[in-house]
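Notes follow once the structure below has been shown.
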Amino acid sequence: MELAAGRIGASQWVLSRALCRFNRFDLTRLPASKRKAALALQLPQWSPYADSAYAIAWQNGFASVWCWDNARIDAEIKKHGKTPKSQRKIPETLLRAPLSAGLRLLKCLDGVEGQYWQDAQLIASRWWPQRPDEQAWLSFQRDCGIAPEQQEGSSTLQDLPLQLRPWIKIAAPSGATDDMPLAEIALYGALTLGLGVTTVVLAMQHHQIDRAIEERSRELAAIKGKAGSVFAARESALGALTRLKSIETIEPYPQPLVLMAALAETLPKDGGAFVREWDMSGNRLKVAVKSPDANIAGADYEQALEKTGRFGDIQIITDADPKTTGFSMTIRPLDPAAVQERAK
């Protein structure tokens, strides 16, 4: 984590990639007006931290999200004699020049970051404490969905300088950005002042109103208050229902428990075979199956996984342990009719 100069004399904290988690959320199937609310519902389920903070970049209905342990960062800021709330926290990935398309390996403040870009959008990112070997680099490309014939065996480690400003606007989960111009701030100040003056004038006039009118106004306000609580409860219930339907609609793939059950059915019934590793990201799944008797035949097991109807593009991954066989595959989406039924 580095301390850098920010705008208007403030400080901005550059968060090392090692301190951040990254994910990209596809919200293109939702109306633009509902995307921010849907993302806000998903973030607490994705983040592993009790006190999470986020930096969000919106691009064409996709949300690129960086998340970090806010309590840990605030404690570090206090060590430097600063007030956490007055500091702007920026993941270092957002301060290095973007790429139009392709793969690259970047030197970070701590460790190394692998990136995959398409149409000037960061599609995938992975961090390693040191430069990854060829096998780890190829595994990252498979998880990105890059065809085998297009994968690179190695990549040059690039050292890009940190920029003064992010290459894209950063938003909070509520959708607000931290790039408000000074002119806009001045406008809001003028409007607030105008409203304050108007309020004072109206208050003075209010004291001149007849007591009978004042009493009736209080009675009317009490009636509106009772009715307002009923309408507020109804709107809250309808809003919760809309959010639940949004979550169901934006998840077109089977639930993890369903996939685990399908995978368990393919394991040999005897011999003690079990799943040693499970790594699911988006529509990609990577597993490692271990058998004490080393009786997992890769080709046969690949056919068994294909027959479940849940997986496709299955690739066998060799492992240093002869009793372990790895598989990388694509998760087949649900039938559109089933997705529609879940959204009802």
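Just a few scattered comments:
- Count of the stretch 77-94 residues which are free of Cβ contacts under 8 Å to residues at least 60 places away in the same chain and of a type in the set (A, V, I, L, M): 0
- Residue satisfying all of: in the stretch 272-294; over 27 Å from ARG126 (Cβ atoms) and surrounded by 13 or more Cβ atoms within 10 Å (Cβ to Cβ); farthest from the chain's Cα centre (by Cα) among these: ALA294
- Scan of the stretch 67-99 for residues that are surrounded by 14 or more Cβ atoms within 10 Å (Cβ to Cβ) and of a type in the set (S, T, N, Q), ordered by number: ASN70, GLN87, THR93
- Leading residue by the ranking (surrounded by the most Cβ atoms within 10 Å (Cβ to Cβ)) among those in the stretch 100-123 that are over 14 Å from ALA57 (Cβ atoms) and touching a residue at least 60 places away in the same chain (Cβ under 8 Å): GLU113
- Applying the criterion of being closer than 19 Å to VAL65 by Cα and not aliphatic (A, V, I, L, M) to the residues of the stretch 124-139, the residue that is surrounded by the most Cβ atoms within 10 Å (Cβ to Cβ) is SER125.
- Taking the criterion of being closer than 24 Å to ILE168 by Cα and basic (Lys, Arg), the residues of the stretch 35-85 that qualify are ARG35, LYS36, LYS85.
None of the figures in this text is laboratory data; all of them are computed from the coordinates on show. None of these values were measured; they are calculated from a predicted model. Here the Cβ is made from the backbone with ideal geometry for all residues, glycine too, and neighbour counts use every protein chain on show.
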